[in-house]
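Scroll down for the structure; my scribbles are underneath it.
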Amino acid sequence: MLAGRNCAFDLDEALSIADGDRALLRELVDVFRSSYPGELASIQDAIRTGDAEALRVASHQLKGALGALAAGPARETALQLEQIGRVADLSGAAAVYAEMERQVRALDAALSAWG
């Protein structure tokens with residue numbers, strides 16, 4: 001089951017965001033799946049180098065893509081990383097990143113199952 005509050009993404013909501021257009025949703029999925037490894041790498045690099053602004057920007061970009069796919073849990077974690085970057089206290093960023101990576105990988109698997 002792909003839809004629901006406890007899953008990686010809500011298919012019904014994602015289709016609503018795409019105005020019911022499955023082809024458009026497929027394009028959004030393809031773009032996400034090709035771009036998220038680089039976005040995760042950018043977030044990880046920002047944490048490793050202590051670059052709060054880069055963390056904020058990279059997390060914000062990923063948050064937008066996750067929102068377009070109705071990936072609520074991962075989007076909320078990306079928001080946490082964005083806020084960590086905004087306040088420039090990266091002390092807890094590595095743990096939040098680990099959760100983000102787990103959630104994004106789960107989303108990728110759910111998206112693969114969808115189509």
Failed item, numbered, when Gly64 is tested on (1) in contact with a helix residue (DSSP H, G or I) (Cβ under 8 Å, 6 or more places away or on another chain); (2) farther than 16 Å from Tyr97 by Cα:
(1)
Under 6 Å between Cβ atoms, at least 6 apart or on separate chains: pull out the pairs that start in segment 64-79 with a residue that is over 21 Å from Gly20 (Cβ atoms) and touching a residue at least 60 places away in the same chain (Cβ under 8 Å) and end on any residue that is buried (at least 21 other Cβ atoms within 10 Å of the Cβ) and of a type in the set (Val, Ile, Thr).
Ala74/Val104
Can you pull out every residue in segment 58-111 that is over 10 Å from the mean Cα position of the chain (by Cα), hydroxyl-bearing (Ser, Thr, Tyr) and closer than 12 Å to Glu39 by Cβ?
Tyr97
Free of Cβ contacts under 8 Å to residues at least 60 places away in the same chain, within 18 Å of Arg102 (Cα to Cα) and not aliphatic (A, V, I, L, M), is that true of Ser16?
no
Which members of segment 87-109 meet the condition of being closer than 14 Å to Arg75 by Cβ and either outside any helix (DSSP H, G or I) or touching a residue at least 24 places away in the same chain (Cβ under 8 Å) (or both)?
Met100, Gln103, Val104, Ala106, Leu107
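Readers should treat all values here as calculations from the given coordinates under stated rules, not as data from a laboratory. None of the values given here were measured: they were computed from a predicted structure. Cβ: placed from backbone, ideal geometry, glycine included. Neighbour counts: every protein chain shown.
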